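Quick note: the coordinates plus some simple rules give every number you see, no bench work behind them. Treat the numbers as computed from the prediction; the structure is a model and nothing was measured. Here the Cβ positions follow ideal geometry from the backbone for every residue, glycine too, while neighbour counts run over all protein chains shown.
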There are 2 protein chains.
Amino acid sequence: MQVGVIGTGSIASWFIQAARLVEDVEFVAVYSRAQATGDKFAQDNRIDKVYTDLEKMLKDNDVEAVYIASPNSLHFDHAKLALEHNKHVLIEKPFTGNFDRAKELVALAQSKSLFLFETICNIHMPHMDYIKNRIQELGQLRMIQCNYSQYSSRYDALLSGKTPNVFNPKMSGGALMDLNIYNLHFTMYLFGKPESIHYFANQHENGIDTSGILILDYGEFKATLTGAKDSASYNVGQIQGETGHITIPNGVNGLETVILTTDDTKKEVVEQDKPRLYYQVAVFKDMVDNNDFELRDFYLEHSLNVVEVATEALRQIGLEFEY
Amino acid sequence: MQVGVIGTGSIASWFIQAARLVEDVEFVAVYSRAQATGDKFAQDNRIDKVYTDLEKMLKDNDVEAVYIASPNSLHFDHAKLALEHNKHVLIEKPFTGNFDRAKELVALAQSKSLFLFETICNIHMPHMDYIKNRIQELGQLRMIQCNYSQYSSRYDALLSGKTPNVFNPKMSGGALMDLNIYNLHFTMYLFGKPESIHYFANQHENGIDTSGILILDYGEFKATLTGAKDSASYNVGQIQGETGHITIPNGVNGLETVILTTDDTKKEVVEQDKPRLYYQVAVFKDMVDNNDFELRDFYLEHSLNVVEVATEALRQIGLEFEY
């Protein structure tokens, strides 16, 4: 599979590095608005072609799929344009910042029998399967707790009066979309849509959530998901049931380790032997190779559910992202 | 100071053991409804006198103060009776399960110039002072996270159709009152009354909260406090600010260790060299010795604030404790 890259940030480089470990995944082109940025990125990542016109890259027959790592608010336009040019699409998380836009993308991919996929690494990791397979040992679930707090290097700029992209409401950033989204994917991948949600956020004067607590109420159990870009913490994920609990040190974004504790045992599991961004690409590659539209729709439905909850959470604090 | 004990549970024994390390604190009597239980407790804890009639113990001139470790719902009646008999009173947490009752006790103690005090160990520990003194290093606060989840040995009984005291709404128990109360004391001792609160609970069919998430909104920052008696977790407390964070491994109920992380340093602090129940007794003893009514009222106001928030939280889930 020959992939073109949209976006030249460090996430794109990390992604390429991990994705190249998947057999037959090649990166053949990169798009950047600025030639110099594109050239530098292409050189650093051993990519042959640089485009400064996105449509030209999308007309390149060597490009079968695009990986979109542009700012959040451009995910929709870039994905739509790529699908219109009959390319398969991997969108970096968050899928979109608006539920209606997400549905539009999904409908477009489905109508054209193209593969569309959100690259949210944690739900595709081996530990996710491990948890899914062992969760019944926890008995009736009661409490999920996840936090991902990481001080953003751009937060200094925000405090000094600037508006970096990740804290710009017009750019679909903020703590929920950028960090808590990992906790949300983790929880909703395991348990689906909650019965109700409540979002409590610290908001900058421009409205963006710099940190927040998202409560998901599943009736018989509840989840409290914390994400912060304005402060740091020791991160940890937990799933608590009546007969045992699972602890994920360092948080559910990386899913590095799983500790399963039941009445008789405490077991530490490390099944991840590849870079964390690898697994999602392997899933996507297999899916495309096998023309597995059922799996595509399974993951797309999950992404839609996540965007729906995130959109509603943001609405509760007065934020509505256009894209 | 000569103390009479009301209640013969294991918390009373632990309390006595720790309190005896405070100079001139002696335990001279115990009250139990059952003679055999009282005798056994007196023998185990080297106490001379056993009463099965509470009023008789309260008329004993050797008893200057009483320590109340009866079931939560009896705290009010026992404290009131003791104050009426001109005894100083230490009430095991929770102070009461009802704000009006709490105010009544405080007014009674104040009108009689008696000492009334809630024995909630964590706010009196050396680490609490340490945190209070260093918290400005964290900059503008953003997020507090505390959880205390401990599977209750009585929960099995509840699941099998019985109603043990701690899960009986008539006995003022539940996850908020029994465990999350530590998180609440910790947070409110540092930051006072929040602007608003929200309680999300898992409730047994009898209405009692077996676990729950209490959100305290302080405007510029938020706290998410989790307590569970129906499931366990790795417990941890965190205070997150823009320039650093404090992590409290194993939770803020014990306050065993404090880890202070700022841009340049990560420092682990262990200042607690006595049993965790010791410090509160030392505070109380000093207060009485020095006739320090100002300090009494400082702590009583704090306890009243905590009961007020807890009462409101329970009201939100349809629970109203009479005592």
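Computed values, structure above
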| item | result |
| --- | --- |
| Hydrodynamic radius of segment B:54-98 per Kirkwood, over alpha carbon pairs, in Å | 10.5 Å |
| Peptide-level mean, for B:214-220, of C-beta atoms on other protein chains within 10 Å | 2 |
| Helix B:75-84 vs. chain B, principal-axis angle (Cα, 0 to 90°, nearest 10) | 50 degrees |
| Residue with peak Gaussian network fluctuation, chain A [Cα springs, cutoff 10 Å], from A:Asn250, A:Asn206, A:Asn235 | A:Asn206 |
| B:Asp264 paired with A:Glu271, simple spin-label distance in nm, labels 7 Å along Cα-to-beta-carbon | 4.5 nm |
| Cα centre as origin, Lys/Arg/Asp/Glu Cβ charges: the protein assembly as shown dipole, Debye | 40 debye |
| Of A:Lys266/B:Lys267; A:Lys40/A:Lys229; A:Lys103/A:Lys266; B:Lys170/B:Lys285, pairs whose Cα-Cα distance is over 31 Å | A:Lys103/A:Lys266; B:Lys170/B:Lys285 |
| Neighbourhood charge, 10 Å Cβ-Cβ cut-off, centred on B:Ile11 and excluding it, Lys, Arg +1 and Asp, Glu -1 | 0 |
| Separation of alpha-carbon centers, segment B:240-310 and segment B:60-103, rounded to whole Å | 23 Å |
| Cα-based shape type of segment A:2-116, given that a ≥ b ≥ c are square roots of the gyration tensor eigenvalues and the cut on a/c is 1.5 | prolate |
| Kirkwood hydrodynamic radius (C-alpha pairs) into Stokes-Einstein, chain A, 4 °C and 1.567 mPa s, D in µm²/s | 64 µm²/s |
| Shape of segment B:126-273, Cα gyration tensor, a/c cut at 1.5 | prolate |
| Student exercise, segment A:125-191 dipole from Lys, Arg, Asp, Glu Cβ charges, in Debye to nearest 20 | 120 debye |
| Label-point separation, B:Phe298 to B:Gln110 (7 Å along Cα→Cβ), nm | 1.7 nm |
| For A:Ala157, inter-copy label distances in nm, listed shortest first [label point 7 Å out on the Cα-Cβ vector] | 6.0 |
| Axis-nearest residue in chain A [Cβ, rotation onto B], distance in whole Å | A:Thr224, 3 |
| Within segment A:90-113, backbone nitrogen closer than 20 Å to the virtual label 7 Å beyond the Cα of A:Asp77 toward Cβ | A:90-106, A:108-109 |
| Computed helical MRE - 222 nm, chain B, DSSP H runs ≥ 4 contributing -39500 (n - 2.57), nearest 500 | -10500 deg cm²/dmol |
| Degrees separating the helix A:99-111 axis from the principal Cα axis of chain A, which is the longest one | 60 degrees |
| Cβ-vector label at 7 Å, A:Thr243, separations to other copies in nm | 5.1 |
| Net charge, B:Glu294 excluded, C-beta distance under 13 Å - Lys, Arg +1, Asp, Glu -1 | -3 |
| GNM flexibility winner over chain A from A:Leu21, A:Leu105, A:Leu304 (Cα, springs under 10 Å) | A:Leu21 |
| Spin-label model distance (nm) - A:Asn291 vs B:Glu205, 7 Å beyond Cα toward Cβ | 5.3 nm |
| Label distances, nm, B:Lys56 versus same residue in remaining copies, Cβ-directed 7 Å point | 10.1 |
| Gaussian network model of chain A, Cα within-10 Å springs - most flexible of A:Phe293, A:Phe191, A:Phe95 | A:Phe191 |
| Total charge dipole magnitude, segment A:41-97, about the Cα centre, Cβ charges on Lys, Arg, Asp, Glu only, Debye to nearest 20 | 100 debye |
